[in-house]
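The values are calculated or read from the model by the stated rules, or taken from the named source; none is laboratory data. Quantities reported herein were computed from a predicted structural model and do not represent experimental measurements. Don't worry about glycine lacking a Cβ; one is built from the backbone with ideal geometry, like all the others, and counts go over all protein chains shown. Quick note on the areas: whole protein, heavy atoms, side chains included, nothing else; ligands and nucleic acids left out. Shrake-Rupley method; radii C 1.70, N 1.55, O 1.52, S 1.80 Å.
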Amino acid sequence: MRASEQVGKLETRGIEPVPENECNGHPLQLFWVWFAANISILGLPLGATLIAFQGLSIGQALIVAILGAGGSFAIVGLLSIAGRRGRAPSLTLSRAIFGMRGNIGPTLVSLGSRLGWETVNTTTAAFVLLSLVSIVQGTPVEAKSAPLLTLLFIGLFVLLTLCVSGLGHATLLVIQKWATWVFGALNLVVGGFLALHIDWALVWAATPAPMSAVLIGIGTMAAGTGIGWANAGADMSRYQHKSVRAAGLVASAAFGAGIPLVLLITLGGLISVGNDHLASATDPIVAIRELLPTWMAVPYLITAFGGLLLSNNLSVYSAGLTTLTLGLRVKRVYAVVVDIVAIFIGSIYFMLIAESFYGPFITFISMLAVPITAWVGIFLVDLRHRQRYEAADLMNVSPSSAYWYAGGVEWRALGAWAVAIVLGFSFTTVKIGAGNVLFHGWLADSWFGQNGLGWIVTFVVAGGLYALLGGCRDRRAAMTHEAAHGR
């Protein structure tokens, strides 16, 4: 049955591999999915930081956006190849690499990252709706002074997310595609008015920053964009037709996410030349609104809300599959509900109880980029050598599975992952704001550390060590297992 025939119907499949006769997808579908997930106007503050904090020229900022955002999503496209081969979600396929029990670590990290960004989306969307009410009333409305209204707005956003993510793959494809046209057009209108604030004289007069600043910018953009989505690549590509080429999958992610991100990041950089207000704002939504005419405030806030919702739709769908990979034995839609409840509670805490949110929380989920990057390095090395995954063994969590290895753990993969994480954090400085340093790695003052390249070290060490230790052997192990069981 084709995806178009399933629109509006509940997807009942969980993490089990998709039968070949149901795999009729094509790369253009994924292009719209990635485009929609990255059309959020929050890309503007990312570009602002490149100019205000890194001191890049606009030409350098454009290069950083292309390499950091577009390049990191090209990696997401590479990881999507596994979904076409194995017909299962990313973290389910990861069982074949790390073992049934060894895969728990990467899965928990992935779930933490997904829930983290979903909480950011949800709280920001609730703030957007509070801003709308403030405009209507003519007086400011703050979350803690209007708790019932805040609860209502959090609930509305997660309910809208549940409607799409709960129904599943086919509905998600259609909603993301057509909503992209609507909110994409609104973004262009808002962007046109923001462009009026560009000081072109300062833009052309700006001097380029050192190459080290460019490298730091690329790392920052990669960590804030594609790396965060890396472990969701196969979740959508598992429905792609077997004839789809790897190049098509890479292009759909790189261009689908890269086009809106490069445009938004570049615009954010342009309007920040000579003005660091957007880059330093604690609430970027309000900071952007202040740059617009009063009558544009409502269309702008609707645009911001829509972009956040489109991103959340895909993230929650992926988080539901990741939750099932941990062993939760419920239907997929109930796993989505579990994730929705988690972000609902988290958003209530951060909006109504906690004293601060964005700084500490984004620091936490940004830290997760280190273990995720290590996982990506190992996954890509394995993907290079693996042409197939055994569907029955992916779902068999007993010692009889070919992916059980030693006590449920492939120690070479898990060991390479752990070593890369330790080394990655050694090059990292973790801080909240300018003066509150939580952790300073012993190699953070090295050239790699000062240039923000610890993530590259993590990636290279994880993949290189896994290959050096002789990982990727389980292709032969699976064949041996099949022979022993007479398959």
Practice task
Tell me which of these Tyr317 doesn't satisfy, since it passes every other one: (1) open to solvent by 40 Å² or more (accessible area, probe 1.4 Å); (2) in contact with a His (Cβ under 8 Å, 6 or more places away or on another chain).
Solution key: (1)
Practice task
Inspect all residues belonging to the stretch 337-353 and state whether any of them is among the charged types (D, E, K, R), open to solvent by 10 Å² or more (accessible area, probe 1.4 Å) and under 24 Å from Gly155 (Cβ atoms).
Solution key: no
Exercise for the section: Please work out which residue is nearest to the chain's Cα centre (by Cα), limiting yourself to the stretch 109-137 and to residues that are open to solvent by 60 Å² or more (accessible area, probe 1.4 Å) and under 21 Å from Pro299 (Cα atoms). Expected result: Ile135
Exercise for the section: Would you please name the residue that is surrounded by the most Cβ atoms within 10 Å (Cβ to Cβ), looking only at residues in the stretch 270-304 that are hydroxyl-bearing (Ser, Thr, Tyr) and modelled with pLDDT of 80 or more? Expected result: Ser272
Practice task
Could you tell me whether the stretch 426-436 includes any residue that is over 25 Å from Val64 (Cα atoms) and open to solvent by 20 Å² or more (accessible area, probe 1.4 Å)?
Solution key: yes
Completion exercise
Only one of (1) within 23 Å of Thr49 (Cα to Cα); (2) open to solvent by 20 Å² or more (accessible area, probe 1.4 Å) does not apply to Val250, and that is (1)
Handout entry: Hey, Ser72 in contact with a helix residue (DSSP H, G or I) (Cβ under 6 Å, 6 or more places away or on another chain) and part of a loop (DSSP other than H, G, I, E, B) or not
Key = no
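Residue by residue, here is whether (1) in a helix (DSSP H, G or I); (2) of a type outside the set (A, V, I, L, M); (3) modelled with pLDDT of 95 or more holds:
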| site | (1), (2), (3) |
| --- | --- |
| Val76 | yes, no, yes |
| Arg85 | yes, yes, yes |
| Ala88 | no, no, yes |
| Arg101 | no, yes, yes |
| Thr107 | yes, yes, yes |
| Asn121 | yes, yes, no |
| Val128 | yes, no, no |
| Val136 | yes, no, no |
